[in-house]
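Down below is the structure, laid out as structure tokens.
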Amino acid sequence: MVESRQLIHFAEIVKKGSFRSAAKELNLSQPALSRSVQGIEAQLGVKLFDRGQGKVKLTVFGEAILPRATTIINSINDIEQLVESMKGLKTGEFRIGFGPVYSDLFAAASLSHFAKTYPGVRIQTLIGTFSELIHALDDGRIDIFVGEISTLSPNSKYWISALKERIAVFCCRDNHPLLGKEALDHRLFESYPLVTCQLPVRLSSFLKTLENYPEGKERKTVNSDIVCDSFYVAKQVVKNSDAIGLIPEVLIHSELERGELHILTYGKHKVTTLSGIVLLAKRNPSPAVETFIELLKELDTKF
């Protein structure tokens, strides 16, 4: 099989007009360059040059091969330039998914920072539930996602980098009827709709009432009355209605400081996020994805 290196040698001889000049340009000895051309000729079974005095002259076979060799060489150069551009993040593309917590927490911050620093890299995003994200990853529709990982474990299929846990709290609007109550029990709590994003499987049996539940009464599990695609929407519902929110505390810091929302203490059980960065283990991440992962980890320490 003719090698790309040999085609480069062949084209350089044509360009320079002599073996000597081409060998000097290629930093090869003239005998080494001659052996390279002889190798092509042996592979093809034809002569490429009429070896006479003065400038080299192409045979009919050499003339036929030259434009195709030039096309191949240009393609190789394009490939090398593309790879170098991708390594330097001057170009590239990847697709990332965010679960509800992280779409609100630092999707915008990470994407805007990356777009500013690496404007040549194209990014597509998907906001979805754990089920939607894991299916999209398995199907190749996204390259990476940030979301719930409680049902996953590092294995031959997935590479997982856990993010820090964040506490979710029950909250309500200012001047809510439940504010000022000394003790919240199931009767008061169940009088108002619960709004949150879709709860992960691990919380499907989480009880609304963890304390002071009447003996013999069937315990009611947390089945959200209002399920939102994002916690941003959930916050707006809580601020403008009597609904009770179950929302990560980090996402309502500003509202708590302004007095727009208030935390309701209800039971001793803590609801926490169990999230991380997930990729397919057998797929090597691109330089852009690797850089984005480091950015996510950095942001995880700041929020």
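The values are calculated or read from the model by the stated rules, or taken from the named source; none is laboratory data. Since this is a predicted model, take the numbers as computed values, not measurements. Here Cβ is always computed from backbone atoms with ideal geometry, including for glycine, and neighbour counts include all displayed protein chains.
Selection of region 275-303 for residues being out of contact with any Leu (no Cβ under 9 Å at 6 or more places or on another chain) and assigned to a loop (DSSP other than H, G, I, E, B) yields ALA281, LYS282, ARG283, ASN284, SER286.
Condition check for GLN236 on (1) in contact with a helix residue (DSSP H, G or I) (Cβ under 9 Å, 6 or more places away or on another chain); (2) within 26 Å of ALA107 (Cβ to Cβ); (3) at pLDDT 85 or above: one failure, at (1). Here VAL56 fulfils each of the conditions (1) in contact (Cβ under 8 Å) with a residue 60 or more places away in the chain; (2) in contact with a Ser or Thr (Cβ under 8 Å, 6 or more places away or on another chain) apart from (1). A single entry from LEU66, LEU89, LEU58, LEU137 fulfils the requirement of being at pLDDT 90 or above and either in the same structural domain as PHE292 (by TED's automatic domain parsing) or farther than 25 Å from GLU3 by Cα (or both): LEU137.
Within region 68-109, the residues that satisfy the criterion of being surrounded by 16 or more Cβ atoms within 10 Å (Cβ to Cβ), under 18 Å from SER275 (Cβ atoms) and under 14 Å from the mean Cα position of the chain (by Cα) are ILE96, GLY97, PHE98, GLY99, TYR102, SER103, PHE106, ALA107. If only residues of region 110-130 that are under 13 Å from GLU93 (Cβ atoms) and among the polar types (S, T, N, Q) are counted, the one that is surrounded by the most Cβ atoms within 10 Å (Cβ to Cβ) is THR125. Would you check if there is a residue in region 58-65 being in contact with a Phe, Trp or Tyr (Cβ under 9 Å, 6 or more places away or on another chain) and either assigned to a loop (DSSP other than H, G, I, E, B) or under 30 Å from ILE293 (Cβ atoms) (or both)? Within region 58-65, one or more residues are in contact with a Phe, Trp or Tyr (Cβ under 9 Å, 6 or more places away or on another chain) and either assigned to a loop (DSSP other than H, G, I, E, B) or under 30 Å from ILE293 (Cβ atoms) (or both).
How do the strands (runs of 3 or more DSSP E) wholly within region 67-179 filter down when requiring 3 or more residues that are under 21 Å from ASP229 (Cβ atoms) and in contact with a strand residue (DSSP E or B) (Cβ under 8 Å, 6 or more places away or on another chain): which remain?
Values: elements: 92-98, 121-127, 144-148, 158-162, 167-173.
The strands (runs of 3 or more DSSP E) meeting that bar are 92-98, 121-127, 144-148, 167-173.
Output the residues belonging to region 24-45 that are buried (at least 17 other Cβ atoms within 10 Å of the Cβ), assigned to a helix (DSSP H, G or I) and among the aliphatic types (A, V, I, L, M). Hits for region 24-45 are LEU26, LEU33, VAL37, ILE40. You will find that of SER230, SER241, SER254, the residue that is small (Gly, Ala, Ser) and within 27 Å of the chain's Cα centre (by Cα) is SER230 and no other. Of the listed requirements (1) modelled with pLDDT of 75 or more; (2) not in a helix (DSSP H, G or I), LEU184 misses just one: (1).
Based on what the data block shows, is GLU148 without any contact (Cβ under 8 Å) to a residue 40 or more places away in the chain and acidic (Asp, Glu)? Can you show your working first?
Numbers: without any contact (Cβ under 8 Å) to a residue 40 or more places away in the chain: no; acidic (Asp, Glu): yes.
For GLU148, the condition - without any contact (Cβ under 8 Å) to a residue 40 or more places away in the chain and acidic (Asp, Glu) - is not met.
Taking the residues in region 1-23 that are farther than 20 Å from THR71 by Cβ and more than 47 Å from the chain's Cα centre (by Cα) as candidates, determine which candidate is surrounded by the most Cβ atoms within 10 Å (Cβ to Cβ). In this case the residue turns out to be PHE19.
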